[in-house]
Amino acid sequence: MVMKKSNKNKNIAGGRVHEYGNATRGETESWKKQKLVQIHQAFNSDPVDIETLRKAAVSDGGLLTNELRRKVWPKLLNINVYDLPHRPGRDVRENHKDYNQILLDVRRSMKRFPKGMPGSQRAVLQEQLTDIMLEVLRRNPQLHYYQGYHDVAVSLLLLVGERTAIAMLHTLSNHHLRDFMDPTMDRTKHILNYLMPILEQVDIELHDFLIRSEVGTIFALSWLITWYGHVLSEFRHTLRLYDFFLASHPLMPIYLAATIVLHREKEVRRTECDMAMVHLLLSRIPQDLPYELLIGQAQALFDRYPPPLLAKRAALQSRTSLSISTFQSFQRSTLHQRPDSVLRRITREGGCSASRRGERCPTSAFRHRGGPVGDQVHEWAVPGFITLQKEAVREPLGGLASTVSGWLCLWEDFSINMFLLRIMSLL
């Protein structure tokens, strides 16, 4: 049954938890504090309350801060930050069939780095970006590099650092991004083919206009395969969408594409019904889109028209998608994770046992590299955020911790209530 156009906004925009535009500053601050408490309680539960973290990542504001993203993103992908892959060696570049293409794409990625970043720092990150992708491809010979993969990788690198980015990209490449990493584009086209059926359910007139224009779905290709990282100018918007996608079904970027097209319905209908003209309009995403509203609408569309329903109505075969067919088992695998405080203790105890055997303690190696996850946090990645390193300098720990790494290990021993009070005082 096709939804009538007059009911479009009512049906796909409803059910929002909170809208910034309808709240006073005091109400917004209170809501943010409450959400921070919920996120930290879920993060520190044993087992970790993944469902609450997913809901937080999807609902208004997402994960709120980049500090929380660095903690929660790995949990959403079932990654233990105390058991990360080693940094790639130089041999990762030897005799790799995709090395030259990756190098070209990385060199063209300058706009993805923050404005004003010193060239020397950007050069280091570009070297890491190259190695991250090569390392994941080396570990997974069944995967094939595609242009746009670097846009996902750089978004991860800028937020979580090299080693965590390798672990996250490895998981995403075998699940959410898997259909894009075939030797052909058949499965990628299959994912794109969900777009028109969604539009048909919501706005039949707009759908028919697009069909008559013969524009197809190629305008949304870069949105899909880069998780919008290639087309958004502000990194904060990219991070917000990554909150959403990391917590959602692999098809969610297509549902978001549908909401963007629906949001621009009047512009589209005013355009000449010509393939070139419509493609030109749609391929350029406005930079002032109401992202929170569109995220809510995409989730509502997903709930109302889930992939199996669309596949049945549009004669699409969901089993041809590896991302879709493995999603439920992947989601189940994330449900029994231990909180970081427990993982840190297990790692420390294992390290002490290793030390007694005359081996190197892994915990010391993590500390030496700058914290429990062994990754450098790039404070210039997102302007205005307070890094862990800066916060460590401000925190009056006295003789308990004379170094940043010491603070990073000690702070997880504080009670959750004291930590939440500290978070609230920063707002």
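The values are calculated or read from the model by the stated rules, or taken from the named source; none is laboratory data. Note that the structure is predicted; figures quoted are calculated from it, not measured. Cβ: placed from backbone, ideal geometry, glycine included. Neighbour counts: every protein chain shown. These area figures cover heavy atoms from the full protein model, side chains too; ligands, DNA and RNA do not enter into them. Shrake-Rupley method; radii C 1.70, N 1.55, O 1.52, S 1.80 Å.
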Here is a list of conditions, (1) in a loop (DSSP other than H, G, I, E, B); (2) open to solvent by less than 60 Å² (accessible area, probe 1.4 Å); (3) modelled with pLDDT of 95 or more, and GLU272 meets all of them except one; can you say which number that is?
(2)
ILE218 - would you say it is aliphatic (A, V, I, L, M), open to solvent by 10 Å² or more (accessible area, probe 1.4 Å) and within 18 Å of the chain's Cα centre (by Cα)?
no
Hits in the stretch 37-76 (condition: within 24 Å of ARG345 (Cβ to Cβ) and hydrophobic (A, V, I, L, M, F, W, C)):
VAL37, ILE39, ALA42, PHE43, VAL48, ILE50, LEU53, LEU68, VAL72, TRP73, LEU76
Taking the residues in the stretch 221-239 that are open to solvent by less than 10 Å² (accessible area, probe 1.4 Å) and among the polar types (S, T, N, Q) as candidates, determine which candidate is farthest from ALA311 (Cα to Cα).
THR238
For the structure I just gave you, tell me whether LYS71 is at pLDDT 95 or above, out of contact with any His (no Cβ under 7 Å at 6 or more places or on another chain) and open to solvent by less than 10 Å² (accessible area, probe 1.4 Å).
no
Pull out all pairs, ordered by first then second residue, where Cβ-Cβ is under 6 Å, the residues are six or more apart or on different chains, the first lies in the stretch 158-171 and is in contact (Cβ under 8 Å) with a residue 24 or more places away in the chain, and the second is buried (at least 23 other Cβ atoms within 10 Å of the Cβ) and of a type in the set (Val, Ile, Thr).
THR164/VAL373; ALA165/ILE132; ILE166/ILE132; LEU169/VAL136; HIS170/VAL136
Yes or no: GLY148 open to solvent by 20 Å² or more (accessible area, probe 1.4 Å) and at positive phi?
no
Residue list for the stretch 311-325, filter: modelled with pLDDT under 75, part of a helix (DSSP H, G or I) and either open to solvent by less than 50 Å² (accessible area, probe 1.4 Å) or hydrophobic (A, V, I, L, M, F, W, C) (or both)
SER318
Are any of the residues in the stretch 77-87 outside any loop (DSSP other than H, G, I, E, B) and either crowded, with 21+ Cβ neighbours inside 10 Å or polar (S, T, N, Q) (or both)?
no
Of the candidates ARG138, ARG112, the one satisfying the condition of being in contact (Cβ under 8 Å) with a residue 12 or more places away in the chain, charged (D, E, K, R) and surrounded by fewer than 21 Cβ atoms within 10 Å (Cβ to Cβ) is ARG138
Unique match (being open to solvent by 30 Å² or more (accessible area, probe 1.4 Å) and assigned to a helix (DSSP H, G or I)) among GLN287, GLN328:
GLN328
Given the conditions (1) without any contact (Cβ under 8 Å) to a residue 24 or more places away in the chain; (2) surrounded by 21 or more Cβ atoms within 10 Å (Cβ to Cβ), report the number of the one that ASP208 does not fulfil.
(2)
Scan (1) in contact with a Lys or Arg (Cβ under 9 Å, 6 or more places away or on another chain); (2) closer than 21 Å to LYS189 by Cβ; (3) of a type in the set (Ser, Thr, Tyr) for the single condition TYR291 breaks and write down its number.
(2)
Count of the stretch 172-189 residues which are open to solvent by less than 20 Å² (accessible area, probe 1.4 Å) and part of a helix (DSSP H, G or I)
6
